[in-house]
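Visitor: Got a structure for you, written out below as structure tokens; questions coming shortly.
Coordinate-derived values only; no laboratory data. Note that the structure is a prediction, hence the values are computed from the model and not measured. In this analysis, Cβ positions are derived from the backbone assuming ideal geometry, glycine residues included, and neighbour counts consider all displayed protein chains.
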Amino acid sequence: MEKQMVSASAQKSRRISGKKLRRIQEFLCTVPALFFVILLNHYPLVQMINYSFTDKNLMKKTYKYVGLKNWKWLFTTLETNHVLNAFKVTIIYTVIHVVTIIVGGLLLAFLFNKMTKAFSVMRTIVFMPHYIGMSTAAVVFIWMYNENFGILNYFLTCLGFDRIPWLSSTQYALISILIVTFWKSVGFEMLIYLSAMQGISKDYYEAARLDGANSFQIARKITLPLLGPTTAYLVVTRFIGSMKVYNVVDILTGGGPLRSTQVVVHLLYDLTFNKYNVGRSSVVSIVFFFFLLAVTAATMKWSDKKTNYDA
Amino acid sequence: MKKLLALILALVMVLSMAACAGNPDESKGNDGESTGVDIGNIFNTEGNSIDKSLYQVTEEVEVLFWHSFSDSTRSEWLQKKADEFMAKNPLIKIDVQYIGNYKTIATQIAGCIAADGQGLPAMSIMNAARILAFASTGVTEPLNNYVIANDDVDAFGDFYDGMIDANVYEEDGQVYALPFSISTFLFFCNKTALGDDLMPETWEEFKSWALRIHDKTGKVACGFSTEQNNMYHLIMSVTGIDPLNDGVTSALDDERIVKVVKELKELIDAGAVAMVDGEDDLRLNFQAGEYLSYYSTTNNTTTAYECTKDLGFEMATAVGFHGEGVEKPAYTASGANLVIYEDNDQQVKNAAYLFAMYLCNVENNADWATQSLALPSHKSAAEKGLLNELFTKYPAIKDTFPALGEGMVSKHKSPALNDALKVITQYSYQYFKGGFSEEEFDSQWALCKKEVDALLADVQ
């Protein structure tokens, strides 16, 4: 009896040490990946925080610590350092861009949600701009937007309207950028929504039809709620992506006129690669990082509460 | 609450650790006082003896040369000159590489510095606007000793004064680049349409000329673009005032500057003058015969000629106008310069200097001007008849090119120059295009001044 008890206890202890060993093995397996994550993601972040306390200049090999000088610059020259303006422009751009591409993508998905050849061709046409590089698209649009020789103003003048200074007016420059990014992105949103729609069980629709629901009611009460997770995914990913918009702004307007299109990443580029002031750009980057983190967390929490994952 | 406190504490720790981390060397920034620049005394060696042997090439070296000329004519010319130079200097191997425009080269240089000098070229082409910014960081080599050690002081004196002055860093009085070619502004005119009634010499004459031409032809007499140096040149030519003033507080509130801006707006509103967003628009309107003259850089001379040769009108060029009490129009020194990078072996830097000076000698400089239609940087190029081929091919520039070189002055040396000029141009452009009304002008112009002053203050 005693022997049996001893052997049971030994077996248990072997099981525990086996479990421990497995856990250690599992952990060790993640170490290489963890190493690269830390090296490529976290080390730069720590280094950025480090640089925010220095006078690091991109053209100099050496730098020295300047305490809170860069942070002081950020907060004491708010009227002239253009950081607030860059945040304002970025938020306006992001909100309008995310809303328009998601609503546009959804509407197009409803429109093209027929699996016939003709609709397939139309879907391809709508999706096609996604294949074009943003830089290429921006260069093409520069000519389309040209005030004197652009095709858009040509049509406007043919219709009896005045020419619009698309890229050189503070009033229209941001709208012009939003048009390009909408044209480029909306097809992809449509495709995501279409595939999500294909994944919704047909039973829901059949049940609703038996209950006498019309198409509008079905879309509002069944399709839209069940597209919730897709919408949540699109909102979060597109939100983060839009906040980091850069190349289209740089090519079309260079952040102008009068900083009316200067987004945060463009300001960061300007501070780093035109003014070579890594200290200041680090400070702005840190603020931007925490801003993105907070807004993304809030968006995810909101989407968790509002989204129906039953489908 | 506990979580929040923990988060704050963790954040404070990360920030403190980051602030304490690392052990960088002390910055080696120059702490010398401003010496001012006197062209005659730049290479004054009185009291200093230079060991010439330090600036000689005694072993085999390779010079990596980055340039910004994408077209085959120019890049092939550079390769040809490199081959010639290597034949004459067997110890030196030149590796000519096209990298991209000035901005790309500057970004690549920054990358090399970040990589602890790896891949850094021995020399590169660089635009005038970046020369002093580079000099202030110590990334480029001061060249005075090289010039003296190689007995090149006289040859150096043949560069236009404005180009030399533009490359002198005031903090240490040293020259940091060799002027390779010049680009500055000039007027391109449709001689067939304007006849002898070409560009007038004074601002007052220009105003009445533009209105008269517009009334007579219904066309735009002169087109300007939003290129940032445009407004700078216009203001300086008409008022004789540098808008950046002493580099501490701008002179944008000076009533003479305000008057010029308002008078230009009147001409634009009358349709006699146009202000467009981009050089391409200027050229296309000129080609279409809508603009009878336009203001652009000498870099575009070839394009201007090529674009108009089959259109059935003759082109002329003009230096431009100046204001009352101002001696001559202002044209500032811009263009391609050759810089040598400090973080190279001394022998490599010596070789790079020799090659840079070879590319910039008067014969090669004139040849380059003839091939590329760039304004040569040597005073004697025209006098020695080295530009005859160029002037025969393009007679319209025969008088204009040397006049531009002679009158050239250095731009304001504030590191905030480019950003400040962008601000001035953009506010002016918004005003010209009706972005704000006449009533709003005072407040908007005050904002412009405030922004420019802030930029100037930021670099103090």
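Visitor: Which whole number gives the average, over all residues in A:143-149, of C-beta atoms from other chains lying within 10 Å of the residue C-beta?
Guide: Mean shielding count: 4.
Visitor: Let me know the charge dipole size of segment B:272-322 about its Cα centre in debye, to the nearest 20, where only the beta-carbon of Lys, Arg (+1) and Asp, Glu (-1) is charged.
Guide: The dipole magnitude comes to about 180 debye.
Visitor: On to the next question. Starting from the Cα of B:Lys393, draw a straight line to each of the aspartates and glutamates and keep only those under 15 Å, dropping any in the same chain fewer than 8 residues away.
Guide: B:Glu306, B:Glu314, B:Asp367
Visitor: In addition: Order by neighbour count: A:Ile132, A:Ile96, A:Ile101, fewest other Cβ atoms within 10 Å first, most last.
Guide: Final ranking by Cβ density, sparse to dense: A:Ile132, A:Ile96, A:Ile101.
Visitor: Distance from the Cα centre of segment B:134-163 to that of segment B:251-275, in angstrom?
Guide: First find each Cα centre; the distance between them is then 39 Å.
Visitor: With +1 on each Lys and Arg Cβ and -1 on each Asp and Glu Cβ, how big is the dipole of segment B:179-252 about its Cα centre, in debye rounded to the nearest 20?
Guide: Dipole magnitude for segment B:179-252 comes out near 320 debye.
Visitor: Just to confirm my numbers, what's the Cα centroid distance between segment A:163-195 and segment A:206-232 in Å?
Guide: 29 Å
Visitor: Where a Cα-Cα gap under 25 Å defines reach, which lysines qualify for A:Lys114, not counting those fewer than 8 residues away within the same chain?
Guide: By straight Cα distance, A:Lys114 reaches A:Lys184, A:Lys202, A:Lys221.
Visitor: What's the magnitude of the charge dipole for segment A:127-286 around its Cα centre, counting Lys and Arg as +1 and Asp and Glu as -1 at the beta-carbon? Answer in Debye, nearest 20.
Guide: Using only the charged Cβ atoms, the result is roughly 260 debye.
Visitor: Taking trypsin sites (Lys or Arg not before Pro) as exposed when DSSP calls them loop (any state but H, G, I, E, B) and at most 15 other Cβ atoms lie within 10 Å, what is the longest stretch of chain A free of them, the sites themselves excluded?
Guide: A:164-243
Visitor: Under the definition of Cα pairs under 8 Å and six or more residues apart, what whole-number percent is the relative contact order of chain A? Can you show the working numbers first?
Guide: Details: 304 pairs, mean separation 84.6, N = 311.
With pairs under 8 Å counted, the relative contact order is 27 percent.
Visitor: Using the structure shown, list the pairs from B:Lys207/B:Lys309; B:Lys93/B:Lys309; B:Lys259/B:Lys384; A:Lys275/B:Lys191; B:Lys103/B:Lys191 with a Cα-Cα distance above 32 Å, or answer none. Don't jump to the answer; show the numbers that get you there.
Guide: Values: B:Lys207/B:Lys309 29 Å; B:Lys93/B:Lys309 41 Å; B:Lys259/B:Lys384 43 Å; A:Lys275/B:Lys191 43 Å; B:Lys103/B:Lys191 36 Å.
Too far apart for the 32 Å limit: B:Lys93/B:Lys309; B:Lys259/B:Lys384; A:Lys275/B:Lys191; B:Lys103/B:Lys191.
Visitor: Treat segment B:157-272 as a sphere of radius equal to its Kirkwood radius over Cα pairs and apply Stokes-Einstein at 37 °C in a medium of 0.692 mPa s; give the translational diffusion coefficient in µm²/s, rounded to a whole number. Display every interim value, and only then the final one.
Guide: On the way: Rh = 16.8 Å.
In µm²/s, the coefficient rounds to 195.
Visitor: Give the peptides B:333-344, A:286-297 in descending order of average Cβ contacts within 10 Å, highest first.
Guide: Descending mean neighbour count gives B:333-344, A:286-297.
Visitor: Still on this structure, please answer the following. Scan around B:Thr317 for amide H atoms under 5 Å from its own, H built in the peptide plane at 1.01 Å from N, and keep only partners 5 or more places away or cross-chain.
Guide: B:Cys189
Visitor: On average, how many beta carbons from a partner chain sit within 10 Å of the beta carbon of a residue in A:45-53?
Guide: Taking all residues of A:45-53 together, the mean is 4.
Visitor: If you don't mind, another one. Tell me, what is the percent relative contact order of segment B:398-460, built from C-alpha pairs under 8 Å that lie six or more residues apart?
Guide: 44 percent
Visitor: Continuing with the same structure: Please list the non-local residues whose amide H lies under 5 Å from the amide H of B:Met275, H modeled 1.01 Å from N, same-chain partners needing a gap of 5 or more.
Guide: So B:Met275 has HN proximity to B:Phe224.
Visitor: Right, another one. Treating cross-link reach as a plain straight distance, find the lysines whose alpha-carbon is under 18 Å from the alpha-carbon of B:Lys52, omitting any fewer than eight places away in the same chain.
Guide: Counting by Cα, and skipping residues close in sequence, B:Lys52 has these lysines nearby: B:Lys349.
Visitor: A further question on this structure: So what is log10(I(q)/I(0)) for chain B at q = 0.05, 0.06, 0.11, 0.12 1/Å, when the Debye sum runs over its Cα atoms only?
Guide: Per q value, in the given order, log10 I(q)/I(0) is -0.22, -0.31, -0.95, -1.09.
Visitor: Which of rounded, prolate, oblate describes the protein assembly as shown, given a ≥ b ≥ c as roots of the alpha-carbon gyration tensor eigenvalues and a/c under 1.5 marking rounded, otherwise prolate only if a/b is larger than b/c?
Guide: Oblate shape, in that a/c is at least 1.5 and b/c is the bigger or equal ratio.
Visitor: Please average, across the residues of B:440-451, the number of beta carbons from any other chain that are within 10 Å of each residue's own beta carbon, and give a whole number.
Guide: 1
Visitor: Percent of Cα-Cα pairs more than 23 Å apart in segment B:322-447, please.
Guide: 58 percent
Visitor: Express the relative contact order of segment B:134-225 as a whole percentage, based on alpha carbon pairs under 8 Å and six or more residues apart in sequence. Numbers along the way, then the final one.
Guide: Numbers: 51 pairs, mean separation 16.5, N = 92.
So the answer I get is 18 percent.
Visitor: Can you tell me the equivalent ellipsoid semi-axes for segment A:135-236? Use √(5λ) from the Cα gyration tensor, largest first, whole Å.
Guide: They are 42, 16, 11 Å, listed largest first.
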